[in-house]
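Student: One structure is given below, represented as structure tokens, and several questions about it will come after.
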Amino acid sequence: MKTKKELRSAYRQLRKSLKSEEVESKSKAITIQFQKWLEQRSGLQHFHLFFPIDRFNEVNTFYIKEILDQLDKTLYTSQVNKTNTELETLKLPKEAAFFMDEWGIPVPQESILVSPGKIEVVFVPLLAYDKFGNRVGFGKGFYDLFLSKLKPEVIKIGLSFYEPEEQIEPESHDIGLNYCITPEKVFTF
């Protein structure tokens, strides 16, 4: 079994090898899979999105944002509080304009700092995941800490261009996924 460090390195290289057209087409395919998933869960209203860091070839979640906006869902995102290095929850206005922060993360120009208490679904960034819903992120621990403060019933969805690993050894602070959406299918854990 590969260590998280080895997986992090391998998946960074895999992502780096993707052309921008591949990232976009795979991101659109993931969005279609998400739409199918969402059709079965019409009661959900409050969604927390991460936005992609282009230089890391992350899934373009702006396509998912468009779908959720069309469905009149309430959207949230996060920004890092530099004082305590935790994620703060921001409620997104419908027609949010974005700027890039110093890490290359799209951040809304106008937003409202809110409690994360209403969030029902969180899209979780990742590099790799396994058949049990364990994931490997970028190693900073921001999302595990953020997820630990949410209600346990919040649905945690990973987005990945790749199939799952057989097994990733979780650490005590890790919080697993409920689903992971790829261009081909939705994995349930």
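Student: Among (1) among the acidic types (Asp, Glu); (2) within 13 Å of the chain's Cα centre (by Cα); (3) within 20 Å of ASP54 (Cα to Cα), where does ASP144 come up short?
Tutor: (3)
Student: Pick out, from the stretch 82-189, the strands (runs of 3 or more DSSP E) lying fully within it that include 3 or more residues that are surrounded by 15 or more Cβ atoms within 10 Å (Cβ to Cβ) and at pLDDT below 95.
Tutor: Details: elements: 86-91, 98-100, 106-108, 112-114, 121-124, 155-159, 179-181, 186-188.
Strands (runs of 3 or more DSSP E) meeting the threshold: 86-91, 106-108.
Student: Out of the stretch 43-71, which residues are over 24 Å from GLU102 (Cβ atoms) and touching a Lys or Arg at 6+ places or on another chain (Cβ under 9 Å)? So that I can check it myself, show each step before the final result.
Tutor: So in the stretch 43-71, the residues over 24 Å from GLU102 (Cβ atoms) come out as 43-47, 63-64, 66-71.
LEU44, GLN45, HIS46, PHE47, TYR63, ILE67, ASP69 - these are the residues of the stretch 43-71 that are over 24 Å from GLU102 (Cβ atoms) and touching a Lys or Arg at 6+ places or on another chain (Cβ under 9 Å).
Student: Between a residue in the stretch 131-146 that is more than 19 Å from LYS82 (Cβ to Cβ) and any residue that is aromatic (Phe, Trp, Tyr) and in a loop (DSSP other than H, G, I, E, B), which pairs come within a Cβ distance under 7 Å, given they are 6 or more apart or on different chains?
Tutor: PHE132/PHE189; GLY133/PHE189
Student: From LYS65, LYS36, which residue is in contact (Cβ under 8 Å) with a residue 40 or more places away in the chain and not in a loop (DSSP other than H, G, I, E, B)? Explain how you work it out, then say what you get.
Tutor: Working: LYS65 fails: in contact (Cβ under 8 Å) with a residue 40 or more places away in the chain.
Going through LYS65, LYS36 in turn, just one is in contact (Cβ under 8 Å) with a residue 40 or more places away in the chain and not in a loop (DSSP other than H, G, I, E, B): LYS36.
Student: Still on this structure, please answer the following. Can you tell me which residue within the stretch 5-33, out of those that are open to solvent by 70 Å² or more (accessible area, probe 1.4 Å) and not in a helix (DSSP H, G or I), is nearest to PHE47 (Cα to Cα)?
Tutor: LYS19
Student: Being in a loop (DSSP other than H, G, I, E, B), touching a residue at least 24 places away in the same chain (Cβ under 8 Å) and within 15 Å of the chain's Cα centre (by Cα) narrows it down to one residue among PHE51, PHE47; which is it? Even if it seems obvious, please write down each step before you answer.
Tutor: Details: PHE47 fails: in a loop (DSSP other than H, G, I, E, B).
None of the others qualify; the one that does is PHE51.
Student: Let me ask something additional. Can you list residue pairs whose Cβ atoms sit under 6 Å apart, with the first residue in the stretch 77-102 being under 17 Å from PHE47 (Cβ atoms) and the second being open to solvent by 80 Å² or more (accessible area, probe 1.4 Å) and not in a strand (DSSP E or B)? Count only pairs 6 or more apart in sequence or on different chains.
Tutor: Correct list of pairs: PRO93/GLU110.
Student: Within 21 Å of GLU163 (Cα to Cα), crowded, with 16+ Cβ neighbours inside 10 Å and at pLDDT 90 or above, is that true of THR77? Even if it seems obvious, please write down each step before you answer.
Tutor: On the way: within 21 Å of GLU163 (Cα to Cα): no; crowded, with 16+ Cβ neighbours inside 10 Å: yes; at pLDDT 90 or above: yes.
When the stated conditions are applied, THR77 does not pass them.
Student: Which of the residues spanning the stretch 49-63 are among the charged types (D, E, K, R) and open to solvent by 30 Å² or more (accessible area, probe 1.4 Å)? Don't jump to the end; show me each part of the working.
Tutor: Residues of the stretch 49-63 among the charged types (D, E, K, R): 54-55, 58.
Correct list: ASP54, ARG55.
Student: Now for a separate question. Could you check HIS46 against (1) within 29 Å of GLU166 (Cβ to Cβ); (2) surrounded by 17 or more Cβ atoms within 10 Å (Cβ to Cβ) and say which number it fails?
Tutor: Exception for HIS46: condition (1).
Student: Another question, then. Can PRO170 be described as of a type outside the set (Ser, Thr, Tyr), over 21 Å from SER27 (Cα atoms) and in contact with a Leu (Cβ under 9 Å, 6 or more places away or on another chain)? Spell out how you get there, then give the answer.
Tutor: Working: of a type outside the set (Ser, Thr, Tyr): yes; over 21 Å from SER27 (Cα atoms): yes; in contact with a Leu (Cβ under 9 Å, 6 or more places away or on another chain): no.
No; evaluated as a whole, the condition is false for this residue.
The values are calculated or read from the model by the stated rules, or taken from the named source; none is laboratory data. Here the structure is a predicted model, which is why all the values come from computation and not from measurement. Every residue, glycine among them, receives a Cβ derived from its backbone with ideal geometry; neighbour counts consider all protein chains shown. Heavy atoms of the whole protein, side chains included, go into the accessibility calculation; ligands, DNA and RNA do not. Shrake-Rupley method; radii C 1.70, N 1.55, O 1.52, S 1.80 Å.
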